[in-house]
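The structure under discussion appears below in the form of structure tokens.
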Amino acid sequence: MFCRQLAVLINAGVSLVRSLSVLDRQTQNWKLKSIIREIGQDVQEGMAMSRALAKHPKVFNNLFIGLVRAGEVGGVLDETLERMSTFLEKDVELRRKVKSAMMYPSIVAVVAIAIVGFLTFYIVPKFIDLFKELDFDEDKFHWPTKLLADLSHGVLDYWYFAAAGIALLTIASRMYGRTKMGKRHFDWAKLKIPVLGPINHKVTIARFSRTLGTLLSSGVP
């Protein structure tokens, strides 16, 4: 909305400083409002808009800044912002479609995990206790049943170790995921994982193609 409204104002002949002031007054998001105000002040002091945007990398990424810089150089800032708004809208729509498509399998996976957990940690111990009351020797269980019984008892008796292990594994995975090698491995896994891998691959190619097309159409070499 910020891109599209700014493009409309500039195309209508409103100065950039005045346009930013208008958007500052009508923006409901307080964080974005303060950032727009800072950008407007920087532009009013003579700073190029692309440089003013670069001071807020958490909000405006390199793609956005590069397109604005190209629009400033070519004198077509309104057209560039219009293209950027269209690009962002399509990107949001693509994300929405992917999330919608993954909703059903995600629900099925969660329900399946919940059922397995319920059977393993509630139903199985009940049966084991029943067999003990009947003086049934656990050594006579088939090995899959014995393994499941041992796993159930182990988790129930030492749940705090399991919880600590899961927490440590989660923290270690996040720390590793922030490294260059970790990012490479996680991205490789996202593309190779069954079912989700092909979807991630197509989404990545679609975003790459759309981004490159937007850059080229905006005059970026």
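The values are calculated or read from the model by the stated rules, or taken from the named source; none is laboratory data. Since this is a predicted model, take the numbers as computed values, not measurements. Because the Cβ atoms are built from the backbone with ideal geometry, glycine has one as well, and the counts that use them run over all protein chains shown. Note: areas computed on protein heavy atoms with side chains; ligands, DNA, RNA excluded. Shrake-Rupley method; radii C 1.70, N 1.55, O 1.52, S 1.80 Å.
Some points to look at:
- Helix 16-26 and the longest principal axis of the Cα set of the chain meet at an angle near 50°.
- Helix 159-177 axis, angle to the chain major axis (alpha carbon atoms, nearest 10°): 30
- Within-12-Å neighbourhood charge of Leu156 [Cβ basis; K, R +1; D, E -1]: -2
- Surface per residue (accessible, 1.4 Å probe) for the range 10-123, Å²: 63
- Protein accessible area in the range 20-124, 1.4 Å probe - carbon and sulfur %: 61
- Between the range 36-66 and the range 167-204, the alpha-carbon centres lie 32 Å apart.
- For the range 1-76: rounded, prolate or oblate by the Cα gyration tensor [a/c cutoff 1.5]: rounded
- Rounded to the nearest 20 debye, the dipole magnitude of the range 80-155 is 600 debye, with +1 charges on Lys and Arg beta carbons, -1 on Asp and Glu beta carbons, and the Cα centre as origin.
- Calculated [222 nm] ellipticity per residue, helices only, for the chain: -26500 deg cm²/dmol; basis is -39500 (n - 2.57) per DSSP H run with n ≥ 4, divided by all residues, nearest 500.
- Ratio Rg/Rh [Cα only; Rh per Kirkwood] for the chain: 1.22
- Heavy-atom accessible surface of the range 136-221: percent carbon and sulfur, 1.4 Å: 70
- Helix 2-11 axis, angle to the chain major axis (alpha carbon atoms, nearest 10°): 10
- When nucleic acids and ligands are ignored and a 1.4 Å probe is applied, His153 ends up with an accessible area of around 50 Å².
- Principal axes of the range 38-114: Cα extent on each, largest first, Å: 60, 23, 16
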